[in-house]
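Below: the structure, in C-alpha cells.
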Amino acid sequence: MVMDTGVMKKTSARAVLIAAVASGQGKTTVTAALARKLVQAGRRVRVFKCGPDFIDPTILARASGAPVESLDLWMVGRERCAQLLAQAATEADDILIEGVMGLYDGTPSAADLAREFGVPVLAVIDAGAMAQTAGALVHGLRDYGPIEMAGVIANRVGSTNHAAMVKTSLRDIPLFGTLPKQSRSLPERHLGLVLPGEVDDLDALLDELASQLVFDEAAWEALPPVTFAAPAQQEPIAAALAGKTVAVARDAAFAFIYPANLDTLRRLGARLAFFSPLADDPVPAEADAIYLPGGYPELHAQQLAGAQLWRASIRSAHADGIPILAECGGMMALADTLDDGAGDCPMAGLLPGRVTMQKRLAGLGPQALPTQQGPVRGHTFHYSKLETTAPAAAYTSKNPSGMQGEAVYCIGSLTASYFHGYFPSNPAAVAALFTRGAR
C-alpha cells in the first residue's frame, strides 16, 4: 500500500454489490459461484458480506480463497468500511459484496452502502417461476432508490430459451449470467447455511456451481472500476490488554466469531489461546480472561454435557473472578440446562435457568450494548429462549428505534447476553469487559 502524508491514496478495482428483492433468491450461491469462477480465471478476488453475519462469510472465504469481512454503515461504521474497501482495492482485481435480505431492507440497507461508496448493484433474481416479468422486477429495483444497476444474474433458469426471454425483458440492463436449477445446493439449517467443515465436498460443490454459471466475461470486463478513497489511517488503540491472555472457545459449537473481533483483541495487546469445549479441553491455565462466542451448542448439547473437564474448569475460572464474556451460544452453554429437543442436558450452571429451542425467531437485528466507555455495536439473531431468575443488569438498545433489546446478565465476573458484539466499534469498552474489576 502506498502512503502519502498519512493518507491512503485513491485505489480502484472492479466492484459490485450483489443484491436481490428478498432473502432466499440465491445471493450467497451466486456470489460463491462467481467468486470461484473469477478465481479459476486467475483473478484476485476479495469478497465482503453486507450486514452482520457469521456463516455466509465462511462459505465465501472458501469460494474466494481470502478472508471475508463485514461491511455495515452502522455496526462497522463508514470509516472502517472505507478502510476495508480501499485496502481490498490495492490487493484485488475484483471486489464482490454480498448484500443482506432485500436490497432496500434495513436501516442502513445494502442500497445505502452501495450509494455511499459508488458501487453498482448486480441483481440476483430467482427466475424459476417467471420470464418477462424479470425486467419489471429489475427496473423496479433500479429506479426505486435509485441505484446504479450494473447488471443481472438470473438464478434457477430452466433453458436457453428461458434465459433469452429474461435477457430481452431487461431492455437496457445487461444480463451478466445465468445459473440453472441446482440439483445440489448449499445446505441450510435454522440460522442459515451450515458451516464449511460440515460439508465434506464443499470445494467440489463450489467448483460445480462455478462451472454451471454461464457468464458474460466481456460484459464483466467492460464494467468501469470503482475508485475508493480511504480516510487517514486510524490512530493505534491503547494496548490495554498487553501481557494478558484471552482464552477463546473455538469449535463447531462456538464458531460465530467476527475475524475483526480477534484482530481487535490482538491490537489491544492480548495473546489469544484457543480451546475446544467440545473436545473437553479445560480453560487454558494461563487465561486472564475468557471469550465464549456464539455458535451451535444446541446441536452438540449432549457432548457438552459430557465434557466434565470443560464444565469444571469454567466454573473454577468463574469462582476465581476471571472475566468471562459469553455471547448467545456461549451464554446458552453456561445455563443450568439446554433442551436440545430430546431433553434437558446439563450445562455449566453459571447462569441459573433453562434454555429451550423454538421454531419461531426469538431475536433479530442490530443492537448496541451500553458500557461506561460508550456503546458497543453489534446484533442479535437466535431461535432459543432463556428462562432465568437472574435479574438483567442492563439491556441493549435496538437500532434505529432505540427500543429495549436483549437482557445483559452480570453474575460475578460473568457478562452474558444473546447480543453479539462487533469489537472494533469500541475497543476501549471491549478491553474493560476482559479486564478484572474494570467492567
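The values are calculated or read from the model by the stated rules, or taken from the named source; none is laboratory data. These numbers were taken from a predicted model, which means no experiment stands behind them. No Cβ is skipped: glycine too gets one built from the backbone with ideal geometry, and neighbour counts run over all protein chains shown.
The criterion of at least 2 residues that are of a type in the set (A, V, I, L, M) and modelled with pLDDT of 95 or more is met by the following strands (runs of 3 or more DSSP E) wholly inside region 28-111: 45-50, 94-98.
Evaluation of Met403 against the conditions (1) surrounded by fewer than 20 Cβ atoms within 10 Å (Cβ to Cβ); (2) out of contact with any Pro (no Cβ under 6 Å at 6 or more places or on another chain); (3) touching a residue at least 12 places away in the same chain (Cβ under 8 Å) shows that the sole unmet condition is (3). Of the listed requirements (1) under 19 Å from Glu217 (Cα atoms); (2) among the small types (Gly, Ala, Ser); (3) not in a strand (DSSP E or B), Ala150 misses just one: (3). Every condition in (1) in contact with an Asp or Glu (Cβ under 8 Å, 6 or more places away or on another chain); (2) of a type in the set (Ser, Thr, Tyr); (3) closer than 16 Å to Tyr291 by Cα is met by Ser384 except one, and the failing one is (3). The residue pairs whose first member lies in region 224-246 and is more than 19 Å from Val16 (Cβ to Cβ) and part of a strand (DSSP E or B), whose second member is at pLDDT 95 or above and of a type in the set (Phe, Trp, Tyr), and whose beta carbons are closer than 8 Å, counting only pairs six or more residues apart or on different chains, are Val246/Tyr291; Val246/Phe434. Comparison of Ala279, Ala289 shows that the only residue that is at pLDDT 95 or above, more than 21 Å from Thr356 (Cβ to Cβ), of a type in the set (A, V, I, L, M, F, W, C) and crowded, with 19+ Cβ neighbours inside 10 Å is Ala289.
Listed here are the residues, each with its yes/no results for (1) under 18 Å from the mean Cα position of the chain (by Cα); (2) in contact (Cβ under 8 Å) with a residue 40 or more places away in the chain; (3) within 27 Å of Ala222 (Cα to Cα).
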position	(1), (2), (3)
Thr29	yes, yes, yes
Gly51	yes, yes, no
Asp56	yes, yes, no
Ile59	yes, yes, no
Ala63	yes, yes, yes
Ala66	yes, no, yes
Trp74	yes, yes, no
Leu84	yes, no, yes
